[in-house]
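This report refers to the structure that appears directly beneath it.
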Amino acid sequence: MINRTRRLRKTENIRRLVRENKISTDDLIYPLFIEEGTNIETEIVSMPGIKRFSLDRISTELDEVVALDIPAVLLFGIPSKKDEKGSETWNDNGIMQQAVRFIKKNYPSLYVITDVCFCEYTSHGHCGIIHDNDVDNDATLPNIAKQVISHAKAGVDMVAPSGMMDGMIATIREALDNTGFPNLPIMSYAVKYSSAFYGPFRDAADSAPTFGDRRTYQMDPANRDEGMREATFDDQEGADILMVKPALAYLDIIRDLKNNFDRPIACYNVSGEYAMIKAAAEKGWIDGDRVMMESLLSMKRAGADIIITYFAKDVAKLLLKK
Ligand code: PBG
């Protein structure tokens, strides 16, 4: 027989030589939930192993992230007060700004990214200003600008807008360029679907909408071509990294972006994806570590250069054992 694909599968060493994709801690971003207040270290029930921390309790977690050589963290702030506009997002002494300053001062090597959104900060839980029962895109843009400038002044390394407002990347680029931050990069949640996989996150970040849903601004899970349109606009507006979210159920979109854009592609392995694997593993129904690595590998294979994942510490520990 001329062709026998099994010849290159015979031993682990030949499999290593022909292996096309690898998971490395180099590719991982670890999300952190930081809550305003003191003495808070709360387990998130639907996300085993993930906690909300107040800043006075977060050092052990950050020490571990640095020791495991995870290059970056993505911060989510949980403020003690919310209002209609989410005005705490641009408070220079808000929880996010305090967190950025704390981490950059005490862990200068760690790359700090902030999630730029309003849903954790608004009383209604939506990602912007509400008019006529819907998020008003254009009224929200100036507030996004105020928020990123405040994060930039606090010393953040990269901003990651997740609100799915049209024109948000152009607004942010212009705001940063005009205030002396032309070198601050933007990772856009470019193709973000209105997904049930965000369920556990909304408990974690206290950001579930109090009315309606996010379908007027986040994408319809049925659409693929529209993802290209979203990514094209963000690419043109100057997003430095394009993200697809969620990851596992949207591998086709990750590959579309990889094939069509000359930008690093990130994906967000979201809370529901994490919860499913943790829950099934806890029941003994699957091998949690192997399913974790296999799903992250599928994201690499699909074309992701960067993976944002709650598994980052688990992966780093597993790779150290090998
Ligand atoms: C919005 C935001 C969400 C997530 C990250 N940023 C939730 C949403 O759009 O409702 C979800 C992350 C996850 O599920 O892990 N600020």
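The values are calculated or read from the model by the stated rules, or taken from the named source; none is laboratory data. Not measured: the values here are computed from a predicted model. We place every Cβ from the backbone using ideal geometry, glycine too, and count neighbours over all the protein chains shown. Protein only, heavy atoms only, side chains kept; ligands, DNA and RNA dropped before computing areas. Shrake-Rupley method; radii C 1.70, N 1.55, O 1.52, S 1.80 Å.
Things to note:
- Mean shadow area of segment 66-132 over all directions, Cα convex hull, nm²: 4.9 nm²
- Dipole in debye (nearest 20) - segment 181-309, about Cα centre, beta carbon charges: Lys, Arg +1; Asp, Glu -1: 220 debye
- Electrostatic dipole magnitude of the chain [Cβ: Lys, Arg +1; Asp, Glu -1; Cα centre; debye, to 20]: 1880 debye
- Charge dipole of segment 141-235 (Cα centre as origin; +1 on each Lys and Arg Cβ, -1 on each Asp and Glu Cβ, all else neutral): 200 debye, rounded to the nearest 20.
- Rg(Cα)/(2.2 N^0.38 Å) for segment 20-321, N = residue count: 0.93
- C-alpha center-to-center spacing [segment 108-133, segment 269-300] in angstrom: 27 Å
- Summing +1 for each Lys or Arg and -1 for each Asp or Glu among the other residues whose beta-carbon sits under 9 angstrom from that of T42 gives -1.
- Averaged over residues, the count of other Cβ atoms within 10 Å places the peptides 32-41, 174-183, 147-156 in the sequence 147-156, 32-41, 174-183, highest first.
- Normalised per residue, the accessible area of segment 76-182 is 37 Å², obtained with a 1.4 Å probe and no contribution from ligands, DNA or RNA.
- For V270, the amide hydrogen comes within under 5 Å of the amide hydrogens of A247, L248, counting only partners 5 or more places away or on other chains and with H modelled in the peptide plane.
- Links that overshoot a 29 Å alpha carbon limit, given the list K104/K322; K51/K321; K105/K300; K105/K258; K10/K321; K146/K317: K104/K322; K105/K300; K105/K258; K146/K317
- Computed over protein heavy atoms with a 1.4 Å probe, the accessible surface of segment 241-322 works out to 43 Å² per residue.
- Shape of segment 234-303, Cα gyration tensor, a/c cut at 1.5: prolate
- Inter-label distance, nm, simple model (7 Å from Cα along the C-beta direction), M228/D289: 4.2 nm
- The peptide list 220-227, 45-52, put in order of mean Cβ contacts within 10 Å with the highest first, becomes 45-52, 220-227.
- Dimensionless Rg ratio for segment 1-103, taking C-alpha atoms and the 2.2 N^0.38 Å reference: 1.68
- Reach of K153 by Cα under 17 Å, taken over aspartates and glutamates that are not fewer than 8 positions away in the same chain: E88, D92, D115, E174, D177
- Positive minus negative residues near L257 (Lys, Arg vs Asp, Glu; Cβ under 13 Å): -2
- Whole-percent carbon and sulfur share, accessible surface of the chain, 1.4 Å: 49 percent
- Per-residue accessible area (protein heavy atoms, 1.4 Å probe) orders K321, K300 as K321, K300, starting from the largest.
- Structure-based [θ]222 nm, the chain - -39500 (n - 2.57) summed over DSSP H runs of at least 4, per residue, nearest 500: -11500 deg cm²/dmol
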